[in-house]
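Participant: This is the structure I want to talk about, given as structure tokens.
The values are calculated or read from the model by the stated rules, or taken from the named source; none is laboratory data. Note that the structure is predicted; figures quoted are calculated from it, not measured. Here the Cβ is made from the backbone with ideal geometry for all residues, glycine too, and neighbour counts use every protein chain on show. Protein only, heavy atoms only, side chains kept; ligands, DNA and RNA dropped before computing areas. Shrake-Rupley method; radii C 1.70, N 1.55, O 1.52, S 1.80 Å.
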Amino acid sequence: MDGQCDTANLTGTIGTGGGGAAGSVEVTLVLTNNGTTACALQGWPGVSFVGDGNGTQLGKAAEFDRSTPHPTVNLAPGGTATAPLKIAQALNYSTSDCQPKPADGFRVYPPGSKESLFVKDADVTACTSDSISLLTVGALVQG
């Protein structure tokens, strides 16, 4: 078993996902090991919208989809792990309930880490209200 991936050696990107249902879109969160040694990730990444050009969290963090398998993913240098990320459309909610705001992307905490990384995605709108969760993330799998 490889040691846990160091957040400093990971980069995140948003890849295409499995489409979406009415009112939501599914993308793929991709974490890449840029380190020189193999490492492991296991579980669900913490994900939230960030904005204001300074990493301010917008709204509620993602809920975990615990129905997905969560194997230990061993990442060789250059290897990737992926997790499905479902994004509900802010337009599904009234403006007063949602308080929509364009986001700069996502803050991602790899499982077990207290350090986060930023994943740019300027094509998303967050609800700044803490009562609405637009994000649902599945467990990381080999990608």
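Participant: Here are the criteria: (1) of a type outside the set (S, T, Y); (2) in a loop (DSSP other than H, G, I, E, B); (3) closer than 25 Å to Q4 by Cα; (4) open to solvent by less than 50 Å² (accessible area, probe 1.4 Å). Tell me which single one V119 does not satisfy.
Facilitator: Only one criterion is unmet by V119, namely (2).
Participant: Applying the selection to segment 35-54, what residues are out of contact with any Asp or Glu (no Cβ under 7 Å at 6 or more places or on another chain) and surrounded by fewer than 15 Cβ atoms within 10 Å (Cβ to Cβ)?
Facilitator: Scanning segment 35-54 gives T36, T37, D52, N54.
Participant: Taking V27 as the residue in question, decide whether it is within 26 Å of T125 (Cα to Cα) and hydrophobic (A, V, I, L, M, F, W, C).
Facilitator: yes
Participant: Restricting attention to segment 55-82, which residues are open to solvent by less than 50 Å² (accessible area, probe 1.4 Å) and farther than 30 Å from C98 by Cα?
Facilitator: Answer for segment 55-82, where residues must be open to solvent by less than 50 Å² (accessible area, probe 1.4 Å) and farther than 30 Å from C98 by Cα: V73, L75, G79, T80, A81.
Participant: Within segment 96-111, can you find the residues that are more than 14 Å from the chain's Cα centre (by Cα) and part of a loop (DSSP other than H, G, I, E, B)?
Facilitator: Q99 - this is the single residue of segment 96-111 that is more than 14 Å from the chain's Cα centre (by Cα) and part of a loop (DSSP other than H, G, I, E, B).
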